[in-house]
Amino acid sequence: MVAISLALGASLAWGLSDFVAGVKSREMAVVWVLLVSQATGLALVTTAALIGGDPLPSLHSIAWASGAGLAELIGFAAFYRALAIGAMAVVSPISATAAIVPLFVGLVDGQVPTIVQALGMALALGGAALASGEAGRRTGAGVGLAVIAALAFGVFFVGMDISADDGALWAVSFTRFAPVAVLVTIILVLRIPLLDRKAIAPLAAIGALDIGANVMFATALTVGMAGLVSVLGSLYPLATVILARAVLREHVSGTQRTGVAAALAGIALVSFA
C-alpha cells in the first residue's frame with residue numbers, strides 16, 4: 001500500500017510539473033527550462049541527503065544513477081519540446097508508455113507477464129498509436145518526440161530501480177549531477193542568451209515538483225515491485241491532460257481521445273494485474 005501511494009503521489013507531481021514545463025517551453029528555450037528545473041532538483045535532494053546522513057552509495061549505484069539521469073535528460077528534452085509544439089493531451093499519454101520498457105526488461109530476465117499484463121501492454125501501445133493518428137497540424141506535432149521520450153524514460157525507470165537499492169535520496173541526487181553539467185556546457189558553448197530573472201520561479205517550481213516525484217518514485221521502488229511502481233508512476237498524463245483541457249482548452253479528435261483513453265486503460269491493466 002505504501003509503494004502504491006508513493007507511486008501515485010509521484011504520478012500527480014510529475015503531471016503538474018509537466019504541464020507547467022509544457023507551457024514554459026512554449027515561451028522560452030527548452031534548455032533553460034531543463035537547466036533551472038534540474039539544478040533546483042539537484043540542490044533540494046542533495047541537501048536532503050546530507051541532512052538525512054545517508055551513506056554514499058556504491059560506485060555501481062552511482063554509475064547506474066548517472067546513466068539513468070542522462071537518459072531522463074534526453075527524455076525531458078524530447079518531451080518538453082513535444083509539449084511545446086504539440087497537443088499535451090496527445091503527447092503526454094504517448095510518453096507514458098515508458099512503463100512498458102521495465103516490463104520488457106523483466107521479460108528478458110525471465111519474468112513472464114500475465115495474460116492481463118500482456119493485454120494491457122497491447123492496449124497501451126495500440127492506444128498510443130491511435131492517439132497519434134488522424135492528427136491535425138497542431139495535434140500531430142510532437143508525436144515522434146513523445147515516442148523518443150517514452151523510450152528514454154523507460155531506460156530511466158530501469159536505471160533507477162537498480163541505483164535506488166543503495167538509498168533513494170542519493171540515487172535521485174546522482175541522476176541530476178551529470179545532466180546539469182551537460183546543460184551548463186551546452187549553454188556556454190552555444191552562447192544561449194541569459195534567462196529573464198522573472199522566469200526563474202516557475203521553472204524552479206517545475207524542478208521542485210519533479211524532484212519530489214523522483215524521491216517518492218525511488219522510495220516506492222525500494223518497497224514495491226518495479227513493474228507495478230513504474231506503471232503507476234506513469235499515470236502522470238491524467239493530471240497533464242486534465243489541466244491542458246481545462247486551462248488551455250485543447251481540442252483533439254474523437255479518434256485521438258479514444259486512443260488516449262485506451263493508452264491509460266492499458267497502463268491501468270498492467271498495474272493491477
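The values are calculated or read from the model by the stated rules, or taken from the named source; none is laboratory data. If you're wondering where the values come from, they're calculated on a predicted model, not measured in any experiment. Note that each Cβ is placed from the backbone with ideal geometry, even for glycine, and that neighbours are counted across all protein chains shown. Heads up: the accessible areas ignore ligands, DNA and RNA and are worked out on the full protein's heavy atoms, side chains in. Shrake-Rupley method; radii C 1.70, N 1.55, O 1.52, S 1.80 Å.
What's the local net charge at Val241, with K and R +1, D and E -1, over the other residues with C-beta under 12 Å away?
0
With a ≥ b ≥ c the root eigenvalues of the C-alpha gyration tensor of the range 1-123, is it rounded (a/c under 1.5), prolate (a/b larger than b/c) or oblate? Don't skip to the end; give the middle numbers.
Numbers: a/c = 1.81, a/b = 1.07, b/c = 1.69.
In terms of gyration-tensor shape, oblate.
Report relative contact order for the chain in percent, whole number only (criteria: Cα-Cα under 8 Å, sequence separation at least 6). Write down the numbers at each step before the final one.
On the way: 483 pairs, mean separation 115.0, N = 273.
Taking the mean separation of contacting Cα pairs over the length of the chain, I get 42 percent.
Keeping all protein chains in place and using 1.4 angstrom, which order do Met28, Met1, Met225 fall into by accessible surface area, from largest down? List each step's numbers first, then the result.
Working: Met28 40, Met1 170, Met225 135 Å².
If we order Met28, Met1, Met225 from most to least accessible, we get Met1, Met225, Met28.
Near Glu27, within a Cβ-to-Cβ distance under 14 Å, what is the net charge of the other residues, with Lys and Arg +1 and Asp and Glu -1?
Numbers: positive: Lys24, Arg26, Arg81, Lys198; negative: Asp196.
Local net charge: +3.
Kyte-Doolittle cut-off -0.5, length cut-off 20 Å along the helix's own axis using Cα: show which whole DSSP H helices in the chain pass. Walk me through the intermediate numbers first.
Values: long enough: 2-25 (34 Å, 1.31); 30-52 (33 Å, 1.90); 59-85 (39 Å, 1.20); 115-131 (24 Å, 1.88); 143-163 (30 Å, 2.16); 168-190 (34 Å, 2.12); 200-223 (35 Å, 1.66); 254-271 (26 Å, 1.01).
Helices passing the filter in the chain: 2-25, 30-52, 59-85, 115-131, 143-163, 168-190, 200-223, 254-271.
Could you check which residue among Leu188, Leu35, Leu73 shows the biggest mean-square fluctuation in a GNM of the chain with a 10 Å Cα cutoff?
Leu188
So between Ile192 and Ile242, what do we pick up on full extension, going 0.36 nm a residue minus the alpha carbon distance?
Value of the extension gain: 14.7 nm.
What part of the accessible area of the chain, given as a whole %, is carbon or sulfur when the probe is 1.4 angstrom? Please list the in-between numbers first.
Values: 8470 of 11700 Å².
On the chain, the fraction of accessible area on carbon and sulfur atoms equals 72 percent.
Using only Cα positions of the range 15-82, each an equal point scatterer, no hydration layer, compute I(q)/I(0) via Debye at q = 0.18 Å⁻¹ and quote the log10 values to two decimals.
For the range 15-82, the Cα-only Debye profile gives -0.79.
Accessible area per residue, 1.4 Å probe, Å², for the range 196-251: what's the number?
Details: 2490 Å² over 56 residues.
In whole numbers, the range 196-251 has 45 Å² accessible per residue.
Express in Å², to the nearest 10, the accessible area of Ser25 obtained by rolling a 1.4 Å probe over the protein heavy atoms while all chains stay in place.
10
Exposed loop trypsin sites (Lys or Arg not before Pro) only (DSSP loop, at most 10 other Cβ atoms within 10 Å): please give the longest stretch of the chain free of them, not including the sites.
Values: sites that count: Arg137, Arg191, Arg249.
My reading of the result: 1-136 is the longest stretch.
Given axes a ≥ b ≥ c from the Cα gyration tensor, I'd like to know whether the chain is rounded (a/c under 1.5), prolate (a/b larger than b/c) or oblate. Don't jump to the answer; show the numbers that get you there.
Numbers: a/c = 1.81, a/b = 1.07, b/c = 1.69.
Because a/c hits 1.5 or more and a/b fails to exceed b/c, the chain counts as oblate.
Count the net charge of all other residues whose Cβ sits under 14 Å from the Cβ of Ala205, scoring Lys and Arg as +1 and Asp and Glu as -1.
Details: positive: Lys24, Lys198; negative: Asp18, Asp210.
Net charge around Ala205: 0.
Sorting Ile4, Ile187 by accessible area (1.4 Å probe), largest first, what list results?
Ile4, Ile187
Roughly how many Å² is the accessible area per residue of the range 1-64, as a whole number, for a 1.4 Å probe? Kindly include the intermediate steps, with their values, before the conclusion.
Numbers: 2930 Å² over 64 residues.
I get 46 Å² per residue for the range 1-64.
Sort Asp196, Asp166, Asp18 by accessible area with a 1.4 Å probe, largest first.
Working: Asp196 90, Asp166 65, Asp18 5 Å².
From most exposed to least exposed: Asp196, Asp166, Asp18.
With contacts defined as alpha carbon pairs under 8 Å and 6 or more residues apart, what's the relative contact order of the range 1-136 in percent?
29
Mind telling me which of Ile148, Ile206, Ile242 comes out most flexible in a GNM of the chain, alpha-carbon contacts under 10 Å?
Ile242
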